[in-house]
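What follows is a short report on a single structure.
The values are calculated or read from the model by the stated rules, or taken from the named source; none is laboratory data. Since the structure is predicted, the reported quantities are computational estimates derived from the model, not experimental observations. No Cβ is skipped: glycine too gets one built from the backbone with ideal geometry, and neighbour counts run over all protein chains shown. Areas reflect the complete protein model, heavy atoms only, side chains present, ligands, DNA and RNA absent. Shrake-Rupley method; radii C 1.70, N 1.55, O 1.52, S 1.80 Å.
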Amino acid sequence: MSDGVRTEMRGAVGVVTLDRPKALNALNLEMCRRLLPQLEAWRADPAVKAVVVRGAGGRAFCAGGDVRAVAASQAEPRPADAERLSREFFRAEYTLNHLIHHFGKPYISLVDGICMGGGLGLSIHGAYRVVTEKLVLAMPETGIGLFPDVGGGWFLPRFPGESGTYLGLTGARCSAADAMWLGYGTHFVESARLETVLEALVGAEWGEGLASAVVERVLKDFHADAGTSVLATQHVAMDRCFAAERVEDIQQALEAEGTAWAQETWATLVRMCPTSLKVTLRQLRMGRTRDYDEMLSVEYRLSQSMTARADFREGIRAVLVDKDNKPRWHPGTLGDVSEADVEACFASSEGDELVLSRS
């Protein structure tokens, strides 16, 4: 049994295959528990020169974290282990992201197909992200009453200009060309060549030099032009409209912009959870000046406060269960979300702290 993950050594390369193709390789608690000790063992083993992570099934790298299970545990009447599941899932997922962020060896994600939410957590914290023409990249959490987590508060502000603010608030989907422009993708390779890339890494002469130099030589041989990024063509307007410190001001800027892109973007924001939008903007502005480990602690607190809200269960119902895409948010408008409401989501409470060592 794979328990959703298959791991193997191929030469000097540890290979992880996310193996829940029917669920688009969505990451659940059991998968986190399998991956953590395996990656820790590979990091400590000098015979392991690099790690490659990929998804099974041909449709997705990883469609995100299994938030549906967390939402089910929060339903009324709440089961006795509801709080435990929310804490354990996010603690395990964030610990895994933290390990990848500080891995210290080449960690190569072959990102083919859908990569959303938790899929970015499994990939962006590593050194190399190989993307293909099948890539669909997004952080869609504001549409389900959450926020862009798995380090989103750290990496989204580090995308060019205000593109990370745009992506975090709207959940917009990106192509491979967009991903390369953002800096998420480090290399573009055609999907049909990914197995050959893996074979080349396995067959590489690792020798006594830097493992990263070996990886870069191999990937360079396969890298191709991903084409023109649509996101890049919109960046001037994006930077102008998404620079504000209030979501209401962003919406006004979009209305003033008056273009088809601005109108479509405004219409998207109106559909998102109002509390999630305000929490997310504060999270992203905070992340501009804080390092990854600091934001990890903030996001863990947010994971507990936001999943306890009724909006989270409603978002999961509307998007993933009934699929009517007609969530009934409460509060229902931005004007009804007070600063106190936002502040409460960031407040610390007993058991909602996560501080991890880099060692």
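Assuming charge only on the beta carbon of Lys and Arg (+1) and of Asp and Glu (-1), the dipole of the chain about its Cα centre is about 560 debye to the nearest 20. Computed with a 1.4 Å probe on the full set of protein chains, the accessible area for ARG84 sits at about 120 Å². Look at the Cα gyration tensor of segment 235-359: its axes a ≥ b ≥ c give a/c of at least 1.5 with a/b at or below b/c, and that counts as oblate.
On a per residue basis, the chain carries 42 Å² of accessible surface, using protein heavy atoms and a 1.4 Å probe. For LYS105, which lysines qualify as cross-link partners when the Cα separation must be under 23 Å and same-chain residues fewer than eight apart are set aside? Filter leaves LYS49, LYS220.
Heavy-atom accessible surface of THR196, to the nearest 10 Å², is about 60 Å², with a 1.4 Å probe and all protein chains retained. Across the chain, the mean sequence separation of Cα contacts (distance under 8 Å, 6 or more residues apart), normalised by length, yields a relative contact order of 17 percent.
For segment 105-118, 3J(HN,Hα) computed residue by residue from phi via the Karplus equation (6.51, -1.76, 1.60; θ = phi - 60°) reads 10, x, 10, 10, 9, 9, 9, 10, x, 5, 9, 9, x, x Hz, glycine and proline entered as x.
With the Cα gyration tensor of segment 241-286 giving a ≥ b ≥ c as the square roots of its eigenvalues, does the rule (a/c under 1.5 for rounded; else a/b larger than b/c for prolate; else oblate) give rounded, prolate or oblate? Since a/c reaches 1.5 but b/c is at least a/b, the shape of segment 241-286 is classed as oblate. Taking N as the residue count of the chain, its C-alpha radius of gyration divided by 2.2 N^0.38 Å amounts to 0.97.
For segment 130-256, with all protein chains in place and a probe radius of 1.4 Å, 51% of the accessible heavy-atom surface sits on carbon or sulfur.
3J(HN,Hα) couplings calculated from phi for segment 46-55 with the Karplus curve 6.51 cos²θ - 1.76 cosθ + 1.60 (θ = phi - 60°) are, in sequence order, x, 6, 8, 8, 7, 10, 10, 10, 8, x Hz; Gly and Pro show x. For LYS326, a cut-off of 30 angstrom between C-alpha atoms picks up these lysines, skipping any fewer than 8 places away in its own chain: LYS22, LYS134, LYS278.
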